[in-house]
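The values are calculated or read from the model by the stated rules, or taken from the named source; none is laboratory data. The model shown is predicted, which means the values in this text are computed figures rather than measured ones. Because the Cβ atoms are built from the backbone with ideal geometry, glycine has one as well, and the counts that use them run over all protein chains shown.
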Amino acid sequence: MDTDIFSLRGRNIVVTGAAEGLGRTFALAFARRGAFVACVDIDPAVEETCALIEKNGGKALPLMADVSNEAAVTTMAAQLEASADTLHVLVNNAGIAIPPGRLLDVSVANWDRVIATNLRSVFLCSKALLPMLLRSKDASIINLSSFLALVGLYPGFEITAIPYASSKAGVDGFTRQLAIEYARDGLRVNAIAPGWHGGTRLGRERQASSEPAVIKRFNDFIQGSIPMGHMGTPDDLTGLAVYLASSASRYVTGQTFAHDGGLTAA
Ligand SMILES: NC(=O)c1ccc[n+]([C@@H]2O[C@H](COP(=O)([O-])OP(=O)(O)OC[C@H]3O[C@@H](n4cnc5c(N)ncnc54)[C@H](O)[C@@H]3O)[C@@H](O)[C@H]2O)c1
């Protein structure tokens, strides 16, 4: 019998947005603890994540899909079912951010794109994979929210945008409601709300559209506003992700966990 409550041996896990950033870090961490990890992304670099897992002796399956597209998600679920009977963990991690701006700067196209990628995808993937999750009788969904679902932020200049905060607040509501609906069916549903974590490509659209002076002001503000005095790294998040994926969190459901160096407590 496995006495390590954080072990993921024998668990089948799907991580969306696993080609890079937090998703790749989670996939590698889960595989190191013994899980089979299906890595889903719209970016072919998801193959590299799986190659890294296998190089370390783990088991992985790359699945290309746009998680905001219903037909693509249905195909992805069918491909997964051909390789595994049951699913124990789904990490709804894929997400995007757009250049910062106040409401009057936000186009309808960007609103639709962010809501589709960050919120519609959580609905589509959870619904498509729920039958496989319920078959395991011991399942966990982990949704990537954001501290921007918990607090508003406007330090006198643009640093985020309404569609992103709205999509993540939607993720938190989805998390609570799904958790309650299936609490007696062996499914737990929780969300992680990260603060600023460097080393990912989430800010690429913002950086591409900003002057160096604007990027510096942005970074100076972030560093100065975090009580612990520094940004997090993707690796910092793996402890919480493993906890929520494993039996260590077996009595925890419907919660959003801020992981932010004290940002939302200040
Ligand atoms: N990094 C942070 O500080 C931070 C803070 C708060 C929340 N988050 C959330 O964590 C998650 C991961 O962010 P990250 O920083 O690793 O970003 P990232 O840009 O480095 O990685 C996101 C991944 O999602 C994939 N993706 C995007 N759209 C997709 C789609 N339609 N279908 C399939 N895959 C798609 C990308 O290809 C990429 O591999 C996101 O949901 C993000 O909102 C991150």
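General observations
- Residues of the range 178-209 classified as loosely packed, with under 15 Cβ neighbours inside 10 Å, in contact (Cβ under 8 Å) with a residue 40 or more places away in the chain and of a type in the set (D, E), total: 1
- Taking each residue of the range 48-63 that is on the phi > 0 side of the Ramachandran plot and looking for partners that are crowded, with 19+ Cβ neighbours inside 10 Å with beta-carbon atoms closer than 9 Å, six or more apart or interchain, yields G57/A31.
- Considering residues of the range 208-230 that are over 20 Å from Y154 (Cβ atoms) and within 13 Å of the ligand (Cβ to nearest atom) only, the residue modelled with the highest pLDDT: H230
- All of A183, A245, A149, A165 fail the test of being in contact with a Gly (Cβ under 9 Å, 6 or more places away or on another chain), under 30 Å from S7 (Cβ atoms), among the aliphatic types (A, V, I, L, M) and modelled with pLDDT of 95 or more, apart from A183.
- Counting residues in the range 150-161 that are surrounded by fewer than 17 Cβ atoms within 10 Å (Cβ to Cβ) and part of a helix (DSSP H, G or I) gives zero.
- Flag for D85 being at pLDDT below 95 and not in a helix (DSSP H, G or I): yes
- Qualifying residue in the range 49-58 (condition: surrounded by fewer than 19 Cβ atoms within 10 Å (Cβ to Cβ) and at pLDDT below 95): no
- First in the range 100-116 and free of Cβ contacts under 8 Å to residues at least 60 places away in the same chain and within 15 Å of E205 (Cα to Cα), second anywhere and assigned to a helix (DSSP H, G or I) and of a type in the set (V, I, T), Cβ under 7 Å, 6 or more apart: V106/I162
- Subset of the range 3-39 (residues that are within 13 Å of the ligand (Cβ to nearest atom) and assigned to a loop (DSSP other than H, G, I, E, B)): G17, A18, A19, E20
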